[in-house]
1. Test E67 against the stated conditions and say whether it is in a helix (DSSP H, G or I), surrounded by fewer than 19 Cβ atoms within 10 Å (Cβ to Cβ) and acidic (D, E).
2. Only one residue in A169, A174, A165 is open to solvent by 40 Å² or more (accessible area, probe 1.4 Å), among the hydrophobic types (A, V, I, L, M, F, W, C) and either free of Cβ contacts under 8 Å to residues at least 40 places away in the same chain or in a loop (DSSP other than H, G, I, E, B) (or both), so which one is that?
3. Please specify each residue of the range 70-91 satisfying the condition of being part of a loop (DSSP other than H, G, I, E, B) and either touching a Gly at 6+ places or on another chain (Cβ under 9 Å) or within 16 Å of E146 (Cα to Cα) (or both).
4. Does T204 qualify as being modelled with pLDDT of 90 or more, among the β-branched types (V, I, T) and outside any helix (DSSP H, G or I)?
5. Among the residues of the range 70-90, is any over 30 Å from N178 (Cα atoms), open to solvent by 40 Å² or more (accessible area, probe 1.4 Å) and of a type in the set (V, I, T)?
6. Within the set of pairs 6 or more residues apart or between chains, which connect a residue that is in contact (Cβ under 8 Å) with a residue 60 or more places away in the chain inside the range 125-137 to a residue that is open to solvent by 40 Å² or more (accessible area, probe 1.4 Å) with Cβ atoms less than 6 Å apart?
Amino acid sequence: GLQRRRLVERTSDKPPAFTFHHLGQRMLTGQDSAPLDRAYVEFTEAAYAQFGSRRKLRPSDIAMAYERVTEMGLSPEIVLMLLNHMMETRGAHFSFKIAQTTAVLMKEDGVSTPEQAENYLSHSKRTHVGARAVLAQFNLRRLPTEPELALYRKWTEEWGFDDAAILQATAQTASANNPSFSYLNGILERLRAKGTSSHKVEQTLKQE
């Protein structure tokens, strides 16, 4: 990664020898005047500061994250917001590959400003928190899977149920042998077919 950013030059193969280029010096001599290098170093410093002692980042993690900037055109600020979101929702040792998937979804959603990113990620965080509450009702102590998150998003964003209504429906799964998101999906689908709005969920379930 560093070699690609031209901060390091391989000067000999046998034995392998490298020359490190001091950034300030390169800027002064105008050699390759390298704005990308400066941006990469600033991004690296910001990422290390953000993770602090919670996770020792590998250079390959940072290189992968920075590719979201160079290849997808997301701003460094948005990529750092995404990494922070991943840490909050999945813990410090989340997979950078999963962060990559989310970055692609953000790009497809046309996220281009920090405000749009904040909106997108706070939505995503609400989905995480809600899905985890459902899992807690099932007495499952684990993180939600991507398909479970997709179902939760469907219930709230497409079907218009709020978190409280979903938890009321979740209570109905207590009698099931293997309560699951797909079982809960069936209950919510039935309520939706009846035209039940969020504040009437409890009432409808009691009548049933």
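1. yes
2. Just one listed residue meets the conditions, A174.
3. Answer for the range 70-91, where residues must be part of a loop (DSSP other than H, G, I, E, B) and either touching a Gly at 6+ places or on another chain (Cβ under 9 Å) or within 16 Å of E146 (Cα to Cα) (or both): just G91.
4. So T204 fails the test.
5. Yes, the range 70-90 contains a residue that is over 30 Å from N178 (Cα atoms), open to solvent by 40 Å² or more (accessible area, probe 1.4 Å) and of a type in the set (V, I, T).
6. none
The values are calculated or read from the model by the stated rules, or taken from the named source; none is laboratory data. From a predicted model like this one, the values you see are computed outputs, not experimental measurements. Note: ideal-geometry Cβ built from the backbone for every residue, glycine included; neighbour counts use all protein chains shown. Quick note on the areas: whole protein, heavy atoms, side chains included, nothing else; ligands and nucleic acids left out. Shrake-Rupley method; radii C 1.70, N 1.55, O 1.52, S 1.80 Å.
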